[in-house]
Amino acid sequence: MESNELLEVIYVLEDSFIGEYIRGSLWLFPVIQSFHLLGLAILGGSIVICDFRLLGLLLRSESAIYVLSQTRRWFNFGLLVLIVTGIPLFLSEAVKCYYSRAFWIKITCLIIGVLFVYFVRNPLIQRNLNSLLHKLIGLLSFSIWVVVAASGRWIGFS
């Protein structure tokens, strides 16, 4: 898709009923954003707990498999909240997001992070591999999610 065609789609999305309704409301954007941040806190908390366990910084007495089993549902719930609230937030300012480098970094790293968690980190934790590999996985996962959170925060400044 050419960038001009993509930009046309972006304008259509921003001019959608949902985008216009959120932009036209005094309180709707901040309320949705508040739930978005709660989703980030839930997802981020599950990431920190599991990744810090892999790094040996937290819950050393618990197995990584146990910590994963306890944090997995919170990760899924937080991700669901982020997606459900992120779409209307995007629709309300799609053109701004299109031109925001921070937005594209966030979305790219979010996709990488989700794929990494589901297809690399979680399966490797369940294999109960050696401590050094767990530390590497934890460090890589945590780093990806820090970029997601930081670039997401930076969108407000761009």
Unmet requirement for Phe142, which otherwise passes all of (1) under 30 Å from Leu13 (Cβ atoms); (2) surrounded by 15 or more Cβ atoms within 10 Å (Cβ to Cβ): (1)
Verdict on Phe90 being among the aromatic types (Phe, Trp, Tyr), touching a helix residue (DSSP H, G or I) at 6+ places or on another chain (Cβ under 9 Å) and within 30 Å of Val12 (Cα to Cα): yes
Top-ranked residue of segment 51-62 - restricted to ones that are over 18 Å from the mean Cα position of the chain (by Cα) and touching a residue at least 12 places away in the same chain (Cβ under 8 Å), ranked as surrounded by the fewest Cβ atoms within 10 Å (Cβ to Cβ): Gly56
Those residues of segment 81-107 which are outside any helix (DSSP H, G or I) and either at positive phi or touching a Ser or Thr at 6+ places or on another chain (Cβ under 7 Å) (or both), in sequence order: Ser100
Scope segment 108-158; condition outside any helix (DSSP H, G or I), touching a residue at least 40 places away in the same chain (Cβ under 8 Å) and under 19 Å from Glu62 (Cα atoms); matching residues: Asn128
Selection from segment 16-40 of residues that are over 13 Å from Phe90 (Cβ atoms) and surrounded by 14 or more Cβ atoms within 10 Å (Cβ to Cβ): Leu28, Phe35, Leu37, Leu38, Gly39, Leu40
From Ile83, Ile65, Ile105, residue being under 30 Å from Ser16 (Cα atoms), surrounded by fewer than 21 Cβ atoms within 10 Å (Cβ to Cβ) and in contact (Cβ under 8 Å) with a residue 24 or more places away in the chain: Ile105
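How many of the residues making up segment 118-139 are under 17 Å from the mean Cα position of the chain (by Cα) and surrounded by 15 or more Cβ atoms within 10 Å (Cβ to Cβ)?
3
Read-outs throughout are calculated quantities, based only on the coordinates presented, and are distinct from any laboratory measurement. Predicted model, so just to flag it, every value in this text is computed and none were measured. For neighbour counting, all protein chains shown are included, and Cβ atoms are generated from backbone atoms with ideal geometry for every residue, glycine included.
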